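Beneath this line is the structure, given in structure tokens, with notes to follow.
None of the figures in this text is laboratory data; all of them are computed from the coordinates on show. Note that the coordinates shown come from a computational prediction; the quantities given were computed from them, not determined experimentally. Positions of Cβ are backbone-derived with ideal geometry, glycine not excepted, and every protein chain shown enters the neighbour counts.
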Amino acid sequence: MKLNEFIHFNQRCPICDNDLTLYLQMKDSTCFRSHKQKKNLYHFEPFKCINKSISDEDYIDLYDYGSDFETKFSSSQMAAEAKRSQLYFFYLCNERGFEEVGTDYNINIYDGCYYRDTPFLEYQKTAKKSWLLKTINPDHELLINYKEILSFSKEVNDVEKVYMLNLNNHDNKTVFMHYSVNEEQKKDKDYTPNVFEKEISDLIARPNFSTVNRERLLSRFDSWVILS
């Protein structure tokens, strides 16, 4: 995959049109959150699951040159940590989507609204002795997004209808999920909704998620539920 295609695929949420935040997750290690300091500079600071070998003062700067990127590190130790790690980038709309699980986290897409990520990458040394981010699995080289997950909801007669769509581009599979919850059920912390789940095999093109097309899209989701 090309990181520039992932970065520029979208930078605003297709559901609520809010700005997306870019994160960098090292495998079994630290999650970094970025702040865009300049038009072309993403400044990543430790955010969650901070590795003992990484300090609060460490950072990674990613310079976006359009079709190419340059990485700079806060220290040689930070650079060495990154270069021996597998990692991936992801965008998340709402930070409330992070759910603490011990020393780790899960992403709750209902609260997170929108999520998409890259395949696993690693820094590889080139013949010119520079370090470039490369896709680990050759089968993923042509992907822009490894997966893309969205959550929609609407109120109908005091019942919230929730729809989730998981576009798994790595295996060309789309999973649709749906459940309904009323006000009383929302207040019950122990309530577990009955989730309808269906694999969609005939979804050829990425749906239009624009607000103009929203009702048409939700009607299509309702049809999937009814037909199933």
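Among the chymotrypsin sites (Phe, Trp or Tyr not before Pro) within region 142-213, those in coil by DSSP and having at most 15 neighbouring Cβ atoms inside 10 Å are Y191. Cross-link partners for K39 among the lysines, with Cα-Cα distance under 29 Å and sequence neighbours closer than 8 places in the same chain left out: K2, K27, K48, K72, K83, K125, K128, K129, K134, K147.
Counting 0.36 nm for each residue step from T192 to D28 and taking away their Cα separation leaves a gain of 56.1 nm. Stretched out straight at 0.36 nm per residue, the stretch from N40 to D111 would grow longer than its current Cα-Cα span by 22.7 nm. Length gained on full extension, K52 to V181, computed as 0.36 nm times the residue gap minus the Cα-Cα distance: 42.3 nm. Sparse packing (at most 13 other Cβ atoms within 10 Å of the Cβ) combined with a DSSP loop state is found for the following GluC sites (Glu not before Pro) in region 109-190: E141. Per-residue ellipticity at 222 nm, computed for the chain from helices alone with -39500 (n - 2.57) per DSSP H run of at least four residues, works out to -4500 deg cm²/dmol. Excluding the site residues themselves, the longest part of the chain lacking any trypsin sites (Lys or Arg not before Pro) in a DSSP loop with at most 13 other Cβ atoms within 10 Å is 130-188. Summarising the label geometry, the points placed 7 Å from Cα in the beta-carbon direction at D17 and E160 lie 2.2 nm from one another. Among the chymotrypsin sites (Phe, Trp or Tyr not before Pro) in region 83-130, those located in a DSSP loop and surrounded by at most 16 other Cβ atoms within 10 Å of their own Cβ are F120. Label sites at Q77 and V212, each approximated as a point 7 angstrom past Cα along Cα to Cβ, lie 5.4 nm apart.
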